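Visitor: Okay, here's the structure, questions in a sec.
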Amino acid sequence: MIYGDIEQSYRKTAELINRNRHQQEGGTPYKTLQENTQTEGIKLLDHIENKSRSILEAKGFTQDGACCENIITINSQPAILPEEKIKEAYERCCARHEMPEDVLKNPVVYEDPGKTVNTSIDDVNVKKQKEDREKCASAEEQKKKYVHNTVAHVEKSGLKYVLNGYGIKSVLCFLLALILHNGLWGDRFQFFTDGHTILNDSILKFFCWYKNIGIILDWYHLEKKCKETLSLAMKGRALRNKLLDELMPLLWYGLTDKAKALLEGIDETSVKNHEQLEKLIAYLERNKPYIPCYEIRKELGLRNSSAIGEKMNDLVVSDRQKLNGMSWSKNGSVALAAITALKRNKEHKRWFEKEEIEFKLAA
């Protein structure tokens, strides 16, 4: 499973096993290997779920992560850097290039990295397997369907852990249990996302009782959204690029209101699709609480990107499950991803020997 299934197809892994055992005929069928791997992955996920529930209940939470005791008062103030340090970073930035003073008024705080748990979380979709390959499907049934797998990368002071599960809520329960189990209660919980409304709302709703929390909109996704939407909204590449040259510096400095004003003041004759332009303005308004001054964050050595989370999506799911022609059942996809995450966390030896995991952040 560890050196075969998560790296290559079940068929190739079965061939390798049978060749090494000199069983070219009558060896282990790849379907058996697939079923065993799926069973093991489900067993692992059940173990993580049960372990998480035990931890949550022991710490005064319900099994689904709701706080049921008065334990929220601990370190309720945000763990942020002192104002003097932020001003010093601003002055160093100004020494290199001119920066508007408005950036210091951005309400998005700068977290103290020594007291922060960084989490990149996102959904990964793979093609869903048809339940009945022989059945003639209708046009509606022929539409592509997907299996959703939520992956989270958790990091604190160089130590890390990868979580995966059937959805955002279950993975957030795992995350909270991991934080409690590792003694990180009271640290700031800093999330890095792609700006998806459902994801951001789910995080804020789940941790609504905790004040020391923040979300940062990943710069790459913000830039990509602006480029793609303005391509649809503006009349021609030249006008789009000219507008981007003015818009992106404003967003890099966290001046969201000025960026919106710029978009709202565009000459009507330059716009070919007003609906797309309105969508971008609404997107910026909706994500304003998560758009910091990226320049100062960079100067302070703070993270601006969810790239590590995107990389984990590839390593845990996409690299193995998104090859040409592949399709997956819900249990098959999530179970294989669980085995892959097990290896990433260096927990596989302990699991296969004792059927338990440490559930600890590690280098």
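The values are calculated or read from the model by the stated rules, or taken from the named source; none is laboratory data. Note that the structure is a prediction, hence the values are computed from the model and not measured. In this analysis, Cβ positions are derived from the backbone assuming ideal geometry, glycine residues included, and neighbour counts consider all displayed protein chains. Note: accessible area is taken over every heavy atom of the protein model, side chains too, but ligands, DNA and RNA are not part of it. Shrake-Rupley method; radii C 1.70, N 1.55, O 1.52, S 1.80 Å.
Visitor: For a label point 7 Å from the Cα of ASN36 along Cα→C-beta, name the residues of segment 325-342 whose backbone N is under 19 Å from it.
Guide: Only 332-333, 335-340, 342 fall inside the zone, counting backbone N under 19 Å.
Visitor: Students often get this wrong: which residues of segment 145-170 have the backbone nitrogen under 20 Å from the point 7 angstrom along Cα-to-C-beta of LYS224?
Guide: Residues passing the 20 Å test: 146-154, 168.
Visitor: Please give the Cα centre distance for segment 288-363 versus segment 153-167, rounded to the nearest Å.
Guide: Going from one Cα centre to the other spans 6 Å.
Visitor: Which loop-located trypsin sites (Lys or Arg not before Pro) does segment 157-215 contain, where loop means any DSSP state but H, G, I, E or B and the Cβ has at most 14 other Cβ atoms within 10 Å?
Guide: LYS211
Visitor: At a Cα cut-off below 19 Å, give the lysines reachable from LYS227, other chains included and same-chain residues fewer than 8 away excluded.
Guide: Reachable lysines: LYS235, LYS242, LYS258, LYS260, LYS272, LYS279, LYS288.
Visitor: For segment 1-100, run through the trypsin sites (Lys or Arg not before Pro) and keep only the ones in DSSP coil with at most 12 other Cβ atoms within 10 Å of their Cβ.
Guide: In loop regions of segment 1-100 (DSSP not H, G, I, E or B), the sparsely surrounded trypsin sites (Lys or Arg not before Pro) are ARG21.
Visitor: Might you tell me the accessible area per residue for the chain, computed with a 1.4 Å probe and given in Å²?
Guide: 53 Å²
Visitor: Stretched out fully, how many nm does the piece from ASP245 to ASP314 gain, at 0.36 nm a residue minus the Cα gap?
Guide: Residue separation times 0.36 nm, minus the Cα-Cα distance, leaves 21.7 nm.
Visitor: Taking one equal scatterer on every alpha-carbon of segment 1-95, how large is log10 of I(q)/I(0) by Debye at q = 0.15, 0.20, 0.22 1/Å?
Guide: Log10 of I(q)/I(0), two decimals: -0.75, -0.97, -1.06.
Visitor: Next question, about the same structure. Mind putting together the pair-distance distribution for segment 152-264? All Cα pairs, 5 Å bins, whole percent per bin, short to long.
Guide: The calculated distribution, bin by bin, is 2, 9, 17, 19, 14, 11, 10, 10, 6, 2, 1.
Visitor: Within segment 264-300, report the trypsin sites (Lys or Arg not before Pro) that DSSP leaves as loop and that have at most 15 other Cβ atoms within 10 Å.
Guide: Passing sites in segment 264-300 are LYS272.
Visitor: Calculated from the structure, Cα extents along the principal axes in Å equals which of (1) 56, 47, 42; (2) 73, 52, 38; (3) 89, 62, 36?
Guide: So the structure-derived entry is (2).
Visitor: Please work out how much length the chain gains when fully extended from THR62 to HIS148, using 0.36 nm per residue of separation minus the C-alpha to C-alpha distance, in nm with one decimal.
Guide: Result for the pair: 28.4 nm of gain on full extension.
Visitor: Could you work out the mean projected area of the convex hull around the alpha carbons of segment 262-317, in square nanometres to one decimal?
Guide: 6.4 nm²
Visitor: Would you count, across segment 1-59, every pair of lysines whose alpha carbons are under 20 angstrom apart, provided the pair is eight or more residues apart or spans two chains?
Guide: Step by step, the pairs that qualify in segment 1-59 add up to 4.
Visitor: Where in the chain is the longest stretch that carries no GluC sites (Glu not before Pro) classed as loop by DSSP and with at most 15 other Cβ atoms within 10 Å?
Guide: Longest run free of exposed loop sites: 142-354.
Visitor: Let me ask another. Take each uninterrupted DSSP H stretch in the chain, measure its Cα extent along the helix axis, and return the ones at 27 Å or beyond whose mean Kyte-Doolittle hydropathy is at least 0.0.
Guide: Sorted by number, there is nothing, because no helix extends far enough and scores high enough.
Visitor: For segment 220-363, with only Lys/Arg (+1) and Asp/Glu (-1) charged at the beta-carbon, what is the dipole magnitude about the Cα centre, in debye rounded to 20?
Guide: Result for segment 220-363 is approximately 460 debye, rounded to the nearest 20.
Visitor: Continuing with the same structure: Counting only protein heavy atoms, what percent of the accessible surface of segment 32-112 is carbon or sulfur at a 1.4 Å probe?
Guide: 46 percent
Visitor: Let me ask another. Over segment 273-363, what percent of the accessible surface lies on carbon and sulfur atoms, probe 1.4 Å?
Guide: Its accessible area is 46 percent carbon and sulfur atoms.
Visitor: Okay, next question. Considering only DSSP beta bridges with both partners in the chain, what is the antiparallel share in %, to the nearest 5?
Guide: 65 percent
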